[in-house]
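All remarks here apply to the structure that follows.
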Amino acid sequence: MFPTITINNKSDQPAYRQIIEHIIALVKSNKLKPGDKVISEKELSEMTSVDIPTIKKSYAQLINDRVIEHSEGRGYFISADQNILKENRKDKAVRVIEKCINELEHLKFSYREIDTLFSLKLVEREEQLEKFTLAAIDCNPEALEIYEKQLGFFTKLSVIKILLDDIQADKSRNNTMKHYNAIITTEKHYSEVLGLLPDLKERIIKAHLSPDQKTILELASIKQNKKIAIICKSQKFADIVHTKLLELKIAKDCISIKLSTEPALDSIIKKSEVIILPPGYSLPRKNHLTSVVQNFTQKGGKFVHFDYQIQRESLLHIEERIRFLINK
């Protein structure tokens, strides 16, 4: 349900500006996130008793400021490009660093000594990470790609990707997995992994994954009755994408699925107007397929990568858990 917005008719601030500030405040407080749907002008007019032309003026300014985006036929969404919150974490980090430098100055350390101390501690952390092993478990290979991509803040950390089916089939799985310092899996599979690896409970970390905001907005911008093809490695990933498309009210009979291990990819590309691919996936480089792809794009065909992201709060939790396990 969209949060309630109330207009103060006694305020000197015009209604259109109040609406803009209300929506920005909702984004700042994380009550509205990139990819979330914003109610229509008519709905907001009914909520606030403000006329529709004024609402349109507010939305136009929010679009101009890249806070929201408009998708033809589907309405308004919080923009993936909005930068209202992007500096908060950086600003906080700068304050922490400045506080640390001030304290070190108070202890009579020179800037050169401070620089050396920071460098030594970073090298020490990297050495710890080189010895730290992390396993990621999921039901499909496409989702596993996100862990390596998003855990890049640990530059020396290597992520071993393991399919859930392989863990289930491994009779000596506790012995196999005990060599990993941490095991990360999705919220969906967390309970199952705990049941499979009860002796390693302390090392298992839950991650909340979802399609990223850019992906949601790109999918939401697909016009009705476009012919869509999902090309991927696994049926499980295809089912996830298919479900998301149905949630976005895209007609079931407009969607087809093709596994990349199957022949005749060129046939489905020729028949499609939008092709959805897994994160980081590229179509096989074959001469005949290259010309088919070129024709596809020249005719206005669109490629959309269905990228996952670890939700921000979950990512921070994972960072904390990994650091705790490293220093344990």
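For each pair in LYS201/LYS328; LYS57/LYS299; LYS37/LYS57, compute the distance between the two Cα atoms and list the pairs where it is over 25 Å.
LYS57/LYS299
Where both partners of a DSSP beta bridge lie in the chain, what percent of those bridges are antiparallel, to the nearest 5?
The antiparallel fraction comes to roughly 25 percent.
Note down the magnitude of the dipole of the chain about its Cα centre, charges +1 on Lys and Arg C-beta and -1 on Asp and Glu C-beta and zero elsewhere, to the nearest 20 debye.
Taking the Cα centre of the chain as origin, the dipole is about 440 debye.
Using θ = phi - 60° and the Karplus curve 6.51 cos²θ - 1.76 cosθ + 1.60, what whole-Hz ³J(HN,Hα) does each residue of the range 211-221 get, with Gly and Pro shown as x?
Those phi angles translate into x, 6, 5, 4, 4, 4, 5, 5, 5, 5, 7 Hz.
Could you provide, to the nearest whole Å², the per residue accessible area of the range 155-287 with probe 1.4 Å?
54
Quick check: Cα centre of the range 259-328 to Cα centre of the range 163-214, how many Å?
What the calculation gives is 24 Å, centre to centre.
Among [x] 23.1, 85; [y] 22.4, 72; [z] 24.4, 71, find the value of Rg and Dmax of the Cα atoms in Å that was calculated from the structure presented, and write down its label.
Answer by label: [z].
Give me the percent of the accessible area of the chain that comes from carbon and sulfur atoms, probe 1.4 Å, all protein chains in place.
50
Please give the calculated 222 nm ellipticity per residue for the chain, where each DSSP H segment of at least 4 residues contributes -39500 (n - 2.57) and the sum is spread over every residue; nearest 500 deg cm²/dmol?
Mean residue ellipticity at 222 nm (helix-derived): -15500 deg cm²/dmol.
If you line up the Cα atoms of the range 1-132 on their principal axes, what length do they span on each, largest first, in Å?
So the extents along the principal axes, rounded to whole Å, are 63, 38, 24.
Identify all lysines with a Cα-Cα distance to LYS33 below 17 Å; exclude those on the same chain that are fewer than 8 residues away in sequence.
Partners found: LYS86, LYS214.
For ILE204, what residues show an amide H to amide H distance below 5 Å, using hydrogens built from the backbone and excluding near sequence neighbours?
Residues meeting the criterion, in which the H sits 1.01 Å from N, are ILE183.
Whole Å is fine, so just give me how far the alpha carbon centre of the range 44-69 lies from that of the range 134-148.
About 40 Å separates the Cα centre of the range 44-69 from the one of the range 134-148.
Under 5 Å between amide H atoms, partner at least 5 residues away or on a different chain: which partners does TYR308 have, H built in plane at 1.01 Å?
So TYR308 has HN proximity to ASP212.
Using only C-alpha positions, report the orientation-averaged shadow area of the convex hull of the range 167-284, nm², one decimal. Don't jump to the answer; show the numbers that get you there.
Working: hull surface 37.4 nm².
The number I arrive at for the range 167-284 is 9.4 nm².
Could you tell me which residue out of ASN174, ALA207, LEU217 lies farthest along the dipole of the range 135-247 toward its positive end? Charges go on the beta carbon: Lys and Arg +1, Asp and Glu -1, centred on the Cα centre.
Final value for the positive-end residue is LEU217.
In the neighborhood of SER191, defined by Cβ-to-Cβ distances under 15 Å, what is the net charge if each Lys or Arg adds +1 and each Asp or Glu adds -1?
Working: positive: LYS188, LYS201, LYS206; negative: ASP138, GLU187, GLU192.
That sum, taken over residues with Cβ under 15 Å, equals 0.
Between ILE276 and residues 5 or more places away or on another chain, which pairs have amide H atoms under 5 Å apart, with H built 1.01 Å from N, and which residues are they?
ALA229, ILE230, ILE231, VAL304
The values are calculated or read from the model by the stated rules, or taken from the named source; none is laboratory data. In this text, all values refer to a predicted model and were calculated from it rather than measured experimentally. Note that each Cβ is placed from the backbone with ideal geometry, even for glycine, and that neighbours are counted across all protein chains shown. Protein only, heavy atoms only, side chains kept; ligands, DNA and RNA dropped before computing areas. Shrake-Rupley method; radii C 1.70, N 1.55, O 1.52, S 1.80 Å.
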